[in-house]
1. On full extension of the chain, what length is gained from residue 28 through residue 236, given 0.36 nm per residue of separation minus the C-alpha to C-alpha distance?
2. Once phi is turned into ³J(HN,Hα) by the Karplus curve 6.51 cos²θ - 1.76 cosθ + 1.60 with θ = phi - 60°, what whole-Hz value does each residue of the stretch 325-333 show in order, with x for glycine and proline?
3. What does DSSP give for the stretch 199-293 in terms of the percent of beta bridges that are antiparallel, rounded to the nearest 5?
4. Only Cα pairs within less than 10 Å get springs; with that Gaussian network setup on the chain, which residue of 210, 192, 136 has the largest fluctuation?
5. Say R0 is 35 Å: what FRET efficiency, to the nearest 0.05, do residue 45 and residue 111 get from their beta-carbon distance?
6. For the stretch 134-248, treating each Cα as an identical point scatterer without solvent, what Debye log10 I(q)/I(0) comes out at q = 0.14, 0.16, 0.19, 0.21 1/Å?
7. Can you give me the P(r) profile for the stretch 55-128? Cα pairs, bins 5 angstrom wide beginning at 0, each as a whole percent.
8. Between the stretch 223-261 and the stretch 104-143, what's the alpha-carbon centroid distance in Å?
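The values are calculated or read from the model by the stated rules, or taken from the named source; none is laboratory data. Computed from a predicted model, the values in this text were never measured in an experiment. Note: ideal-geometry Cβ built from the backbone for every residue, glycine included; neighbour counts use all protein chains shown. Accessible surface is based on the protein model in full, side chains and every heavy atom, while ligands, DNA and RNA are left aside. Shrake-Rupley method; radii C 1.70, N 1.55, O 1.52, S 1.80 Å.
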Amino acid sequence: MDTAAAEWTATDDGPEHRPPGRRLAAWCAGLLCAAVSVVVGFRMADSDGITPVPQFLAFLPWLLVPTALALLLTLLSRWWTGTAWGVLLLGLLAWYIEPYGTSDDPTGRPVAELRVLTSNVEFGQGTGSLVAAVRREKPDVVFVQECDHACDAQLKADLARDFPHRRAVEGGGSEGSVILSRFPLTPTAGVRGTMGMPGAVADVDGHAVRLQLAHPMPPLPGQVDLWRRELAGLRDAAAADRSTPLILAGDFNASQDHAAFRRILDTGLRDASRLDGADRTATWPAPTAPTLGVQIDHVLLSRDFAADRTRILDLADTDHRAVVTDLTLHAPR
């Protein structure tokens, strides 16, 4: 009996003694765990790393799938060290999937209410769908990204009466961006970038509110440094004037799993989706969201705002879903 047990242990514990099928399962599990560990390691180090780490970080919650598969393979191959490795990775992923940032409510009295909508219309293709959504949702401020010349002309023709105030960076393709407002606007310098990121100060019922559109470059291979610099420009803009309430909205091409985006939140901004329980709701790519996707479209708010009824809207002819939220501006404490 003891001899049989010893033989069973030697056969199953040593990798050189495992049957070929189990050896293959252990190797596959090791490769999966190693790949996930690289991404999780950069997340632990609070860094976005280099390609392909930023691209995989965007889909951090989905790394649960290869990790669970690796864990199953370690069990099938009876590789107990690998099992511990997989369990550790699952725990770390669960920890980092939790929402980032604060969600406390303002303490001052409410002084104004407004509704904000942000939408990337994909080279202007979704402009018609956006106009319909604006008429249905009736926002007070609209942030539009990838608004080409045709999109800009259509917005002027269809929405000028409802939104008499605007701030735009004109351009073709993805370069154009527009802020539409029911409130009077005073132009600001905005943020310099490859694509338009205009800014303004709105007079919201007698209260100054900074508006800044966000649309940095995506973290494509070969453009990760540019992506970081443009997100850093948005962070600097957010930190430049902490005394005036701020709405920073648009397509950030980044999620809370990117260190460069978390640096923006660290200036004191909160994500409206986070405040209203819609965090992790995918906004891109629209064809597979909400089942498969990532939240890269955000409405970020200074601590002067409370958010309510945040919705993610499906629009036709664009690869992004729109975000609309109701905001309440509070007086300083």
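1. Working: separation 208, 0.36 × 208 = 74.88 nm, distance 4.39 nm.
In short, 70.5 nm is gained.
2. 8, 9, 10, 10, 8, 10, 5, x, 5
3. Details: 6 of 11 bridges.
Approximately 55 percent, going by the DSSP bridge assignments.
4. 136
5. Details: r = 42 Å, r/R0 = 1.20.
It comes to 0.25.
6. -0.58, -0.75, -1.00, -1.16
7. P(r) for the stretch 55-128, in whole percents per bin: 3, 11, 13, 11, 11, 10, 10, 10, 8, 7, 4, 2, 0.
8. 19 Å
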